[in-house]
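Only one structure is covered here, and it is reproduced in the block below.
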Amino acid sequence: MEEMGMTLASNLKRILKYFLVRIIIMAITLLIGVYVVILVANMGGAVDEIRKSEIREAVGRRLLGDENYRIMSSEERQKYAKMLEEIEFKRFGLDQPFLIRSFLYLKQALTLDLGNAERLTSDTGSRKVKLIILERLVPTLVLMMTSFLILFFSALTFALFLSRRYGSFFDKMIIALAPLSAAPAWFYGIFLILIFAAILKILPFGGMVRVPPPDNAFEYFLSLLRHLVLPVFSVLLSSIFISTYNWRTYFLIYSNEDYVEMAKAKGLSSAMIERRYILRPTMPAIVTSFALSLITQWMGSITLETVFNWPGLGRRIYEAISNFDSPVIVGANVIYAYLLATTVLVLDVIYAILDPRVRVEATGGVEQ
Amino acid sequence: MSSILRGLKELKNYPSAMVGLAIIAFLVVLSIYTVITIPYSEAVKLWRGADQIWIENPRFARPVFFDWFTPKKLARTIIVDSRNNPNAKIVNQYGEDVEIIITLEFDFLYDEFPTEITLFMNKKIPGSDMYATFYWETPDGRRINLRRGSIKTRDSYEISQDTALRRRLGGKDAHVGLFSAGDNKKPLKGKYRFVIEAVSFDPEDDLDVRLIVYGTIHGIAGTDHLRRDLKIALFWGAPIALIFGLLAAVGTTALTMLIAAIGVWYRGVVDGLIQRITEVRMILPTLVILIMVGMFYSRSIWVILGTVVVLGVFGSGIKVYRAMFLQVREMPYIEAAQAYGARGGRIVFKYMLPRIIPMLIPAFVTEVPAFVFLEATLAFLGISDPVVPTWGKILYDAQSKGALYMGHYYWVVIPSVLLIITGLGFSMLGFALDRIFNPRLRRM
């Protein structure tokens, strides 16, 4: 008993140490990643020049309407304008060099103090980056979660079904259809709009709900469902064949293991074999790849949302970039980076604790 | 090397691979044909459409092949030029004044109305005073007075835009009203005449006119909102897509492999650095970074290509190759090479990389469609080289002009079909190659 307690304690210590190292590495990665985004989103300081010239223009415009300004000599005018500009620069923190400010931005970004947007406003009129991003997060999540949950469960069911019928007609069909996944979701979206909205006229072209939105919650929900059909279906079309194909191959590899043969020999039902001996060892890898693709797709929804005119985060990021609104770009990226890092870390923790095959080394990574 | 050749020979057992190869061959032939017949500088100039090169094309015209699938005869563009018909013009001298009467005749035998009518006029003497009256004569003998007014040196009369005329035609557009008899929904077929009676107060003066009755079909690919022939962008889309896709795929796979091999061989700091860069890169969202580079820095196709490769090199692929090289590193033949004195560079290039190349071929082919579609995605968002015509750019124009909503389906469908064919071609070949070169899958 005492010995077991000892190994447990040393195991726990090792796991803890391992995670400490992981967290530190992840934090450094996050730090550098966010800093790169800040540099790119500010064009290495060039956005500041744009802002400065805008301030100069605004000051110039304001002075034109100033009575006192007209009676000044040209030298006084220049001095006065310069003074006003300096005050404005100071107000926006532009008097300091970009390098110093970039680290200030980094600190603000990492502490999620996202500040105010340059140009964009939220639908309610606020300039707070947090609001601008949060109000669009829900539509994106609705779209992405719906499509991904349907995708996950249908692909999993098909893959299991096909792995049992290796070489059948459906199996060959999926292999033949897999190359269709070369095209992204927005691409299928165009075709679906063409067929169902333009020609058949049974589903809307885009948007999230009917205009004007229905007052009644139930009708609102129905309208939302109607608008969800085409975008969700385009995500499915672009991913379901390849996911089914990949997971089917994966299941096939695992169903050749000796312990599966053993289970078959014992006379267990095929449903039980699937649940206990095939799904269980393959699940961690499938869930990991699924969780990661969910997060990366979340940022890749820009084009899909453009095609379907979906009022989501992807559209907002695109608006922010085309308006040179660095705070919003940085804000969205920071949230993305945090989400990704946390997911990776949480998955790591879960596997290290749950999966007995995962070997934990204090310095290296998790090896399976 | 021989194993690669053997694998390639095996390809003919896979029908999908043969289809894929046929598609790729078609694209290559199309690209070569395009580059020869429409030189790049020519294509750029045409696509920019300066100096009204496209003025004789209708807007939003469907491709000509639409005509083959309908019993109706679709309207083509009719151009009548007084310079080509010397009999069309009568010049009468009255002392200091000159009267010019031009009669343009044409047959209209189509089952649908044209989309626009415009008259272009060229007067000989700049600054002279010239007044004209325009008439329209229908096959059933009616004569409609269109307008009266002065003519400038280079003038045009957009008959379809004439609001006064529209009122007189009972609210119908000129290109409908002038071609219909009564309330008939179909155009009146037969010989139409367009008559201009002009008077100038300069005896030397002369006038030439060109009447364009724009149709609804044009060329093999149709036209867009700027009257540009879509053929140019559809044809040039092929070489651009191939070059972008292939270069990005080659660049990414080859560099990823090289960097993974270097990391595995030199271990320690180098390997750690490569892994950390990869991890930082994974935190950056690819599409967002690409859009930022396109918006902020440069939309040149080469800059975008370079960014795509840099972002692609430190992607998830590097971990896969690293795992492969870790196995290779421990193999006895590497030890043997070290024993006879081979150094790092030689081992990486001569011993480690060749070992992985069979794995590289399917990976590289399957990556091509992803990059072709990435370029299209960026173009669709409006981030593309301003001078190069591509398929994604057509889709962008079509989307921003609401092509699907307005019913201009050809505008969206043709470039999309070309894109998906390209994607399918490479992807079908890649899947077959994967099954050949990945023995683990072959067992399946």
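The values are calculated or read from the model by the stated rules, or taken from the named source; none is laboratory data. The structure presented is a predicted model; accordingly, all values stated were derived computationally and were not measured. Because the Cβ atoms are built from the backbone with ideal geometry, glycine has one as well, and the counts that use them run over all protein chains shown. Accessible surface areas use protein heavy atoms only, side chains included; no ligands, DNA or RNA. Shrake-Rupley method; radii C 1.70, N 1.55, O 1.52, S 1.80 Å.
For the range B:258-291, heavy-atom accessible area (probe 1.4 Å) falls by no less than 20 Å² from the chain alone to the full protein assembly at B:276, B:279, B:280, B:282, B:283, B:284, B:285, B:287, B:288, B:289, B:291. Given R0 = 51 Å, the distance between the Cβ atoms of residue B:25 and residue A:201 translates into a calculated FRET efficiency of 0.80.
Placing +1 on the Cβ of every Lys and Arg and -1 on the Cβ of every Asp and Glu, with nothing else charged, gives the protein assembly as shown a dipole about its Cα centre of roughly 2360 debye. Per residue, the convex hull spanned by the Cα atoms of chain B measures out at 206 cubic angstrom. Probing with 1.4 Å while keeping every protein chain in the model, the per residue accessible area of the range B:64-214 equals 52 Å².
Taking the Cα centre of each part, how many Å lie between the range B:404-441 and the range A:211-269? Answer, in whole Å: 23. Kirkwood-type hydrodynamic radius, the range A:143-216: 15.3 Å, calculated from all non-identical alpha-carbon pairs.
With a Förster radius of 51 Å applied to the beta-carbon distance between residue A:149 and residue A:72, the computed FRET efficiency rounds to 0.15. Taking the accessible area of the range B:64-214, probe 1.4 Å, and keeping the other protein chains in place, the carbon and sulfur fraction comes to 49%. Taking the Kirkwood radius as Rh and the Cα radius of gyration as Rg, the protein assembly as shown has a ratio of Rg/Rh equal to 1.06. Ordering of A:110-120, B:240-250, A:258-268 by packing is B:240-250, A:110-120, A:258-268, highest average first (other Cβ atoms within 10 Å, averaged per residue).
Straight Cα distances below 12 angstrom link residue B:191 to the aspartates and glutamates B:105, B:107, B:137, B:140, with same-chain residues fewer than 8 positions distant left out.
Would you please state which residues of the range B:197-233 a label at residue B:148 would reach in this model, taking the label point 7 Å out along Cα→Cβ and a backbone N cut-off of under 14 Å? Only B:197-199 fall inside the zone, counting backbone N under 14 Å. Cross-link partners for residue A:17 among the lysines, with Cα-Cα distance under 29 Å and sequence neighbours closer than 8 places in the same chain left out: A:107, B:319.
Per residue, the accessible area of the range A:129-367 comes to 45 Å² when a 1.4 Å probe rolls over the protein heavy atoms. The distance separating the Cα centre of the range B:285-361 from that of the range B:157-193 comes to 66 Å. Take each residue of peptide B:34-40, count the partner chain Cβ atoms within 10 Å of its Cβ, and average: the result is 0. Compute the normalised compactness of the range A:127-256: alpha-carbon radius of gyration over 2.2 N^0.38 Å, N being the residue count. Cα-based Rg divided by the globular estimate yields 1.30. Peptide A:30-39 shows a mean partner chain C-beta count of 3 within 10 Å per residue C-beta. Dividing the summed -39500 (n - 2.57) terms of all DSSP H runs of n ≥ 4 by the residue count of chain A sets its mean residue ellipticity at 222 nm at -24500 deg cm²/dmol. The radius of gyration of the Cα set in chain A, together with its Dmax, comes out at 27.7, 103 angstrom. Under 22 Å Cα-Cα from residue B:12, which lysines qualify once same-chain neighbours fewer than 8 residues away are excluded? Answer for residue B:12, where 22 Å is the Cα cut-off: A:172, listed by chain and number.
The sum of -39500 (n - 2.57) across all DSSP H runs of n ≥ 4, divided by the residue count of chain B, sets its helix-only mean residue ellipticity at 222 nm to -16000 deg cm²/dmol. Note on A:318-324: average number of Cβ atoms from other chains within 10 Å of each residue's Cβ is 4. Using only side-chain charges placed at the Cβ, +1 for Lys and Arg and -1 for Asp and Glu, the dipole size of chain B relative to its Cα centre rounds to 2240 debye.
Per-residue SASA remark: residue B:364, around 50 Å² accessible (1.4 Å probe; ligands, DNA and RNA not included). Can you give the FRET efficiency for residue A:288 and residue A:222, using 1/(1 + (r/R0)^6), R0 = 56 Å, r = Cβ-Cβ distance, to the nearest 0.05? Plugging the Cβ-Cβ distance into 1/(1 + (r/R0)^6) gives 0.95. Using the alpha carbons alone, the radius of gyration of the range B:1-148 stands to its Kirkwood radius in an Rg to Rh ratio of 1.23. Expressed as a whole percent, the proportion of Cα-Cα pairs in the range B:385-444 lying more than 19 Å apart is 52%. Can you pick out the pairs among B:231/B:401; A:90/A:128; B:89/B:124; B:172/B:401; B:45/B:89; B:123/B:186 whose Cα atoms lie more than 26 Å from each other? The pairs that break the limit, which is 26 Å between Cα atoms, are B:45/B:89; B:123/B:186. Figure note: A:220, A:69 ranked by solvent-accessible area, largest first, 1.4 Å probe, ligands and nucleic acids not counted: A:220, A:69.
Here the simple spin-label model places points 7 Å from the Cα toward Cβ, and for residue B:387 and residue B:37 these points are separated by 2.4 nm.
Counting heavy atoms of the protein chains alone, residue B:406 has an accessible area of about 130 Å² for a 1.4 Å probe. When only alpha carbons are used to place a centre, the range B:223-255 and the range A:170-197 end up 21 Å from one another. The solvent-accessible area of residue B:79, taken with every protein chain present and a 1.4 Å probe, is close to 80 Å². Remark on the range B:336-385: accessible area falls by at least 20 square angstrom from chain-alone to full-complex state for B:373, B:377, B:380, B:381, probe 1.4 angstrom.
Accessible area buried by the pairing of A and B, both sides summed with a 1.4 Å probe, works out to roughly 4200 Å².
Simple spin-label estimate for residue A:95 and residue A:350 gives 5.2 nm between the two label positions (7 Å along the Cα-to-Cβ direction from each Cα).
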